Amino acid sequence: QVQLVESGGGSVQAGGSLRLSCTASGHSWNIFWMGWFRQAPGKEREIVAATMVGDLSATKYGDSVKGRFTISRDNAKNTVYLDMTALRPEDTALYSCAADRTYVDWVRTRNWGPGTQVTVSS
């Protein structure tokens, strides 16, 4: 089953930038979805961004991050990146990478990485 490893989290001041990375391994999918959820204490899990990986191309973003975050992929490396700019304190959360075969599967997936913490100070 797919294994996911995230990196790039940390602490940053409001208005700053951060880049998260996630690498998938142990799967046999040719085309699949990878992306990021986040969850802050006392809040429900929220979709951040997702992208197709493979020969086809598509992206989706949560409303709260549109225009500020950009998701990209490296198909050969089975890696996705989340470039976060104009960070706000409300972006503080545990960011978890997830992967699954289709977008519908991805929304409900249990294929999670351990997560990486992002903390934005005011």
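The values are calculated or read from the model by the stated rules, or taken from the named source; none is laboratory data. These numbers come from a predicted model, not from an experiment. Glycine also receives a Cβ, built like all others from the backbone with ideal geometry; neighbour counts cover every protein chain displayed. In case anyone asks, the SASA skips ligands and DNA or RNA and just uses the protein heavy atoms, side chains included. Shrake-Rupley method; radii C 1.70, N 1.55, O 1.52, S 1.80 Å.
Identify the residues of the range 101-122 with backbone N under 19 Å of a label point that sits 7 angstrom from the Cα of ARG68 along the Cα-to-Cβ direction, or state none. Hits in the range 101-122 for ARG68 at 19 Å: 116-122. As a length-normalised measure over Cα pairs under 8 Å and 6 or more apart, the relative contact order of the chain settles at 35 percent.
If you take every DSSP beta bridge whose two residues both sit in the chain, what share of them, in percent to the nearest 5, is antiparallel?
90
Please give me the summed charge of the neighbours of ASP100: other residues whose Cβ is under 12 Å from its Cβ, Lys and Arg +1, Asp and Glu -1. Local charge sum for ASP100: +2.
What a 1.4 Å probe finds exposed on the range 56-111 is 48% carbon and sulfur by accessible area, rounded to a whole percent. Cross-link partners of LYS77 among lysines, defined as those whose alpha carbon lies under 29 angstrom from its own and excluding same-chain residues fewer than eight positions apart: LYS60, LYS66.
Charging the Cβ of each Asp and Glu at -1 and of each Lys and Arg at +1, and nothing else, the dipole of the range 73-122 about its Cα centre rounds to 180 debye. Annotation note: trypsin sites (Lys or Arg not before Pro) in the range 1-93 located in DSSP loop regions with a Cβ neighbour count of at most 14 within 10 Å are LYS43, ARG45, LYS66.
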